Amino acid sequence: MTGFLPLTRPGIDEETIATVADVLRSGWLTTGQKCSELEAVLSERAAGRPVRLVNSATAALEIGLRIAGVGPGDEVITSALTWVATANVIVQVGAKPVFVDINPATRLMDTNLLEAHITPRTRAIMPVDLAGFPVDRDRVYAMAKRFKLRVIEDAAQSQGSCWKGRPLGSFGDMTAFSFHPNKNMTTGEGGCLVMNNEDEARQFEKYRLQGVTRFPDGTYDCDLPGGKANLTDIAAAIGLGQIKRLDAFNQKRRELAKHYFEQLQNDAVFQGLALPPSEFEQANWHMFQLVLAPRLAVYRPQLIAGMKALDIATGVHYPAVHQLQLFKRMNLSVAHLIHTEAVSSGILTLPLFPEMEVADILRVCDALKQVLGQVQHKAGV
Ligand SMILES: Cc1ncc(COP(=O)(O)O)c(C=O)c1O
């Protein structure tokens, strides 16, 4: 790929573009047949469990919390190394986010620490599969069973990831996926929730569209204050084109990630960069993230600027949620988030998307070598 190398880029083929054009010509643009078709395909991938679409994973997570009955006075345990949406939805339903520290090796919630955060107010756990690496579902569900908690999985980044050979969403309680354009498959914007039964799915349909139930005689009733979060058939047509290619996309991501490992493992200049877990069976490789050692982390802004000057995007995913203003004001208990803070201050995402080639990986690593050399020279290391 020549020119500026972005962090990610959706791969939309001509066939998908043609089906979107068909929808535009059809006269039916809002939620309809295409959404039903995509829900059916998603359900098939989730072992037949009910799946419903919405216009974002944020909406899916929030509705999931509402269906689980989470509200004011309740606590939801999650991790702070995540996109702020995870914590925002907990606040939106009136509950309190409780952050458990991460394991620095996996960068995911440390499930050994879950029990210590459970109080009589805990209602749910929201595990986050950062970069597409699955949180230990055995431990999460063992804890949920023991303490009678609901689990709303924030699998926004992990479409196509597995836990012990089982696709995420095909088991467990509720699972939310995102179809934002930077995800492994997209609908432009969009998301979905996998649920346990048709009763939950019916509640979901109400929450996503004004709380309304329609009757065959053309009338309707409204029995809860639902919002407006339904997906369009235009978006679903994109999703139908994407989901056919999801497994191939993820396979290509895995192969490219292996090339990053080859390049980054064998050169002294890369010492001081922690690589992601070498997990090539279960993860969908949504992101390839390095963690800079503290002596280099202080130079992260210069590294990012240096890479940009060489036409390569890098990113910070994520600033720790508890260090954002809204959450600071809540006076949450955060003193224990040692690994979350250390990893968050050193994390750096490199470009990774299926349209990249091995030559692009080499280009990123060469640029990184050059910029790291400059930074290390400045740092006197
Ligand atoms: C971990 C995580 N949770 C939730 C979301 C929200 O997804 P959406 O943008 O579809 O609302 C995202 C999206 O980036 C995410 O990465």
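Check whether at least one residue in the range 311-322 is under 16 Å from A297 (Cα atoms) and assigned to a helix (DSSP H, G or I), and report yes or no.
no
Which of the following residues is of a type outside the set (D, E), within 30 Å of I77 (Cβ to Cβ) and not in a helix (DSSP H, G or I): A257, A283?
A283
Quickly run through the range 52-74 and pick out the residues that are within 15 Å of the ligand (Cβ to nearest atom) and either touching a Pro at 6+ places or on another chain (Cβ under 9 Å) or outside any helix (DSSP H, G or I) (or both).
R52, L53, V54, N55, S56
Could you list all residues from the range 131-183 that are touching a Pro at 6+ places or on another chain (Cβ under 7 Å), in contact (Cβ under 8 Å) with a residue 60 or more places away in the chain and in a helix (DSSP H, G or I)?
Answer for the range 131-183, where residues must be touching a Pro at 6+ places or on another chain (Cβ under 7 Å), in contact (Cβ under 8 Å) with a residue 60 or more places away in the chain and in a helix (DSSP H, G or I): just A131.
Tell me which of these S170 doesn't satisfy, since it passes every other one: (1) under 19 Å from the mean Cα position of the chain (by Cα); (2) closer than 23 Å to P277 by Cα; (3) away from the ligand (no atom under 13 Å from the Cβ); (4) surrounded by fewer than 21 Cβ atoms within 10 Å (Cβ to Cβ).
(2)
For the range 99-112, check the following and say yes or no: at least one residue is outside any loop (DSSP other than H, G, I, E, B) and either within 18 Å of E62 (Cβ to Cβ) or among the aromatic types (F, W, Y) (or both).
Yes, because at least one residue in the range 99-112 is outside any loop (DSSP other than H, G, I, E, B) and either within 18 Å of E62 (Cβ to Cβ) or among the aromatic types (F, W, Y) (or both).
Quick check on my filter: what residues within the range 79-98 are more than 10 Å from the ligand (Cβ to nearest atom) and not charged (D, E, K, R)?
Of everything in the range 79-98, those that are more than 10 Å from the ligand (Cβ to nearest atom) and not charged (D, E, K, R) turn out to be A80, I90, V91, Q92, V93, G94, A95, P97, V98.
Report, ordered by the first and then the second residue, all pairs with beta carbons closer than 8 Å, sequence separation of six or more or different chains, a first member in the range 305-332 that is on the phi > 0 side of the Ramachandran plot, and a second member that is assigned to a loop (DSSP other than H, G, I, E, B).
These pairs meet every condition: D311/G3; D311/F4.
Based on this model, can you work out whether A144 counts as over 15 Å from the mean Cα position of the chain (by Cα) and within 16 Å of the ligand (Cβ to nearest atom)?
Considered against the rule, which asks whether it is over 15 Å from the mean Cα position of the chain (by Cα) and within 16 Å of the ligand (Cβ to nearest atom), A144 comes out as no.
Taking the stated definitions as given, is S36 surrounded by fewer than 24 Cβ atoms within 10 Å (Cβ to Cβ) and of a type outside the set (V, I, T)?
Yes.
Every number here is computed from the coordinates shown, using simple stated rules; none is lab data. Everything numeric in this text was worked out from a predicted model, so none of it was measured. Virtual Cβ from ideal backbone geometry, glycine too; neighbours counted across all protein chains shown.
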